[in-house]
Amino acid sequence: MTESGLVVVDKPSGWTSHDVVGRMRRLAGTRKVGHSGTLDPMATGVLVLGINRATRLLGHLTLADKEYVATIRLGQSTITDDAEGEIVESTSASHLDEESVHAALPPLTGDIQQVPSSVSAIKVDGVRSYARVRSGQEVALKARPVTVSTFEVTGSRHDGECFDVDVRVVCSSGTYIRALARDLGAALGVGGHLTALRRTRVGGFGIDRASTLEELEKQFTLVPLDDVARASFATYELTDDQAADVRFGRALPGLDLGAPGPVAVFAPTGDFLALYEQRGDDAKAIAVFI
């Protein structure tokens, strides 16, 4: 059976994240495959998949920041806030330039309250929001706190009455780039939607480490669990006695891990054993991976 670890996929356009998981189950020869955050079918780029024991690590990776490059079309609003939905309103954006777009970015940057797109996968009374919208229902989702640490313009051009803006975004997990496109258009009074989206990084895993499905068909590339832990968390090297306790998930009295949040602890052999966190003067287990 395939070892445990991560596969970093460069997702193609037109594929759902579930489609990629299905292909990966066949390539890896295991049903134990999961992902650390979906990408819309239109989007391309980094999709991090966990294989076997690494699926249990995914929940601890989803809070990592993410980086995207995208194109926003100003002057048109769509029902889905992206190019896959029908246009519901058009307003000339021929008067816009990069300077006016830059001026509208600060309120959409930093710690903000964002209303997710109504066609997101968020559940409303047990039913996905997008399913309610497609059935003709009106959905009003509540704003949620997200962090947009970078929202910058990298290029622009006019296309008839529309103004296309290329952007780079670095944000927290749970941020909807479609919603940023919608809100930027609203701030400028012309409407907006996303026409292209590529995720270039999830946490410590950039597009340079990603493989296409075609490449993985030829050579299955797995990032070992030990390497994943070292790349994603603060680390602590245990003694033999401490490692023996960790294998049973025991607390480590009087141990200072030296970092907040989950810390990956390793046996003297270099093997990743568990995630621990500081609780007062002791270190206690979050999840054990052996």
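Annotations
- Some residue of the range 251-261 being touching a Lys or Arg at 6+ places or on another chain (Cβ under 7 Å) and closer than 28 Å to ASP65 by Cβ: no
- Boolean, ASP19 is among the charged types (D, E, K, R), within 27 Å of ALA83 (Cα to Cα), in contact with a helix residue (DSSP H, G or I) (Cβ under 7 Å, 6 or more places away or on another chain) and not assigned by TED's automatic domain parsing to the domain that holds GLU89: no
- Verdict on ILE72 being in contact with a strand residue (DSSP E or B) (Cβ under 7 Å, 6 or more places away or on another chain), of a type outside the set (Lys, Arg) and closer than 16 Å to GLU161 by Cβ: yes
- Conditions (1) at pLDDT 95 or above; (2) within 18 Å of TRP15 (Cβ to Cβ): number failed by GLY37: (1)
- The residues listed here are ARG178, ARG198; of these, the one that is in the same structural domain as SER92 (by TED's automatic domain parsing), in contact with a Phe, Trp or Tyr (Cβ under 7 Å, 6 or more places away or on another chain) and either in contact (Cβ under 8 Å) with a residue 24 or more places away in the chain or more than 30 Å from ASP40 (Cβ to Cβ) (or both) is ARG198.
- Total residues in the range 246-283 satisfying the condition of being of a type outside the set (Gly, Ala, Ser) and surrounded by fewer than 16 Cβ atoms within 10 Å (Cβ to Cβ): the figure is 13.
- Selection status of VAL46, touching an Asp or Glu at 6+ places or on another chain (Cβ under 8 Å) and buried (at least 22 other Cβ atoms within 10 Å of the Cβ): yes
- Those residues of the range 38-71 which are among the small types (Gly, Ala, Ser) and closer than 20 Å to ALA264 by Cβ, in sequence order: GLY50, ALA54, GLY59, ALA64
- Residue among THR71, THR38, THR55 that is in contact (Cβ under 8 Å) with a residue 12 or more places away in the chain, in the same structural domain as VAL190 (by TED's automatic domain parsing), closer than 24 Å to PHE205 by Cα and surrounded by fewer than 21 Cβ atoms within 10 Å (Cβ to Cβ): THR71
The values are calculated or read from the model by the stated rules, or taken from the named source; none is laboratory data. Note that the structure is predicted; figures quoted are calculated from it, not measured. Here Cβ is always computed from backbone atoms with ideal geometry, including for glycine, and neighbour counts include all displayed protein chains.
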